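The values are calculated or read from the model by the stated rules, or taken from the named source; none is laboratory data. Owing to the predicted nature of the structure, the values given are computational and were not obtained by experimental measurement. Cβ: placed from backbone, ideal geometry, glycine included. Neighbour counts: every protein chain shown. Just so you know, the surface numbers come from the protein's heavy atoms only, side chains and all, with ligands and any DNA or RNA stripped out. Shrake-Rupley method; radii C 1.70, N 1.55, O 1.52, S 1.80 Å.
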Amino acid sequence: MRVTLLGTGDTTGTPTVGCDCETCRTARERGVSRSRFSVHVTNERTGESLLVDFSPDFRQQFLAADVPLPDAGLVTHIHFDHLDGLGNVYRLVDGLPVHAPNETDPATDESVAETIRRKYDYLEDRIGVHARDPFEPFETCGFEVRFVPVDHPPLLCYGVAIEDPETGATLSLTGDTSYDVPERSREALADPDLLLADAIVPASLCEHHPIGGRHEGPDGVPRTFGTKHMTREGALALADDLDADRTRLVHLAHYYPADEAFEEPLAVDGEVYDL
């Protein structure tokens with residue numbers, strides 16, 4: 001299993017357009033990027049590849065990383081920075097299976113799968129949307145995959161567990177989530193060879209959020225920034241909870257102070273991991 005981090009940033013990415021903060025300046029000076037979130041997973045045994053989330057930066061990500069177009073895709077939730085790149089597959093693929101959860105969201109009265117079918121009806125001859133029950137394993141690209149519910153109000157959102165049944169290699173992605181990941185989902189995400197964990201800002205910035213931080217650890221440090229995303233400290237605590245062999249922090253905002261923004265284990269675009 002080869003994992004390529006195509007996009008490791010939050011909604012605006014780093015550098016952010018029009019921003020001259022020290023962190024964005026440093027990213028430009030170093031020639032590094034955190035584009036909107038997306039992960040490419042290649043099954044080197046079968047030669048197939050799986051794309052987790054369709055970033056609006058799809059075109060540039062694939063050109064920069066020089067990875068093959070996907071044989072299948074997953075969508076964790078319907079926020080634009082995870083879904084709106086799907087339109088890029090027009091004229092590039094034919095018959096792409098797109099897997100998405102089938103649980104109806106009270107906030108939208110649709111499941112993720114139904115939203116994709118409605119929003120991308122013009123791609124109906126290019127993609128096939130496959131609705132999947134949360135926690136139920138399904139096979140794609142030679143992997144066993146499960147969507148697992150996490151906590152990202154007000155929408156339903158899902159993490160992903162991916163396993164190669166032949167080699168036993170495992171990849172877990174938290175998706176966009178607070179630290180309040182349900183116990184059953186923690187069990188499904190546990191013991192990965194590689195964990196990609198949402199960590200939008202350091203806990204020190206919670207004082208700037210209108211409602212502050214939540215889910216404080218024993219040291220009083222918030223593990224959730226507001227209600228929607230984990231802090232760096234929360235993501236690392238979750239990695240410990242899950243007993244992850246290796247952890248990379250993703251979905252990172254440009255609000256990290258410049259002297260912290262590119263330190264381990266914060267990821268940047270283009271990182272590659274062989275599991």
For every helix of n ≥ 4 consecutive DSSP H residues, a contribution of -39,500 (n - 2.57) applies; sum these over the chain, divide by its total residues, and give [θ] at 222 nm rounded to the nearest 500 deg cm²/dmol. -4500 deg cm²/dmol
Going by amide H atoms built from the backbone, whose H comes under 5 Å of the H on L96, apart from near neighbours? I127, G128
Go through segment 172-275 and name the GluC sites (Glu not before Pro) that are in a DSSP coil and have 15 or fewer other Cβ atoms within 10 Å of their Cβ. E260, E263, E271
For segment 2-274, give the percent of accessible area contributed by carbon and sulfur heavy atoms, probe 1.4 Å, rounded to a whole number. 45
Identify the GluC sites (Glu not before Pro) of segment 106-163 meeting these criteria: DSSP loop state and at most 11 other C-beta atoms within 10 Å of the C-beta. E124
Using the heavy atoms of the protein chains and a 1.4 angstrom probe, tell me the accessible area per residue for segment 2-274 in square angstrom. 42
Distant-in-sequence amide H partners of T12 (H built 1.01 Å from N, under 5 Å): none
Given segment 2-274, what percent of its DSSP beta bridges are antiparallel, to the nearest 5? 60
Would you please name the chymotrypsin sites (Phe, Trp or Tyr not before Pro) within segment 11-105 that are DSSP coil residues with at most 15 other C-beta atoms within 10 Å of their C-beta? Y90
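So if a site counts as exposed when it's one of the trypsin sites (Lys or Arg not before Pro), its DSSP state isn't H, G, I, E or B, and it has at most 14 other Cβ atoms within 10 Å, what's the longest stretch of the chain without one? Intermediate results must be reported in sequence, preceding the final value.
Numbers: sites that count: R45, R91, R246.
Counting only loop sites that pass the neighbour cut-off, the longest clear stretch is 92-245.
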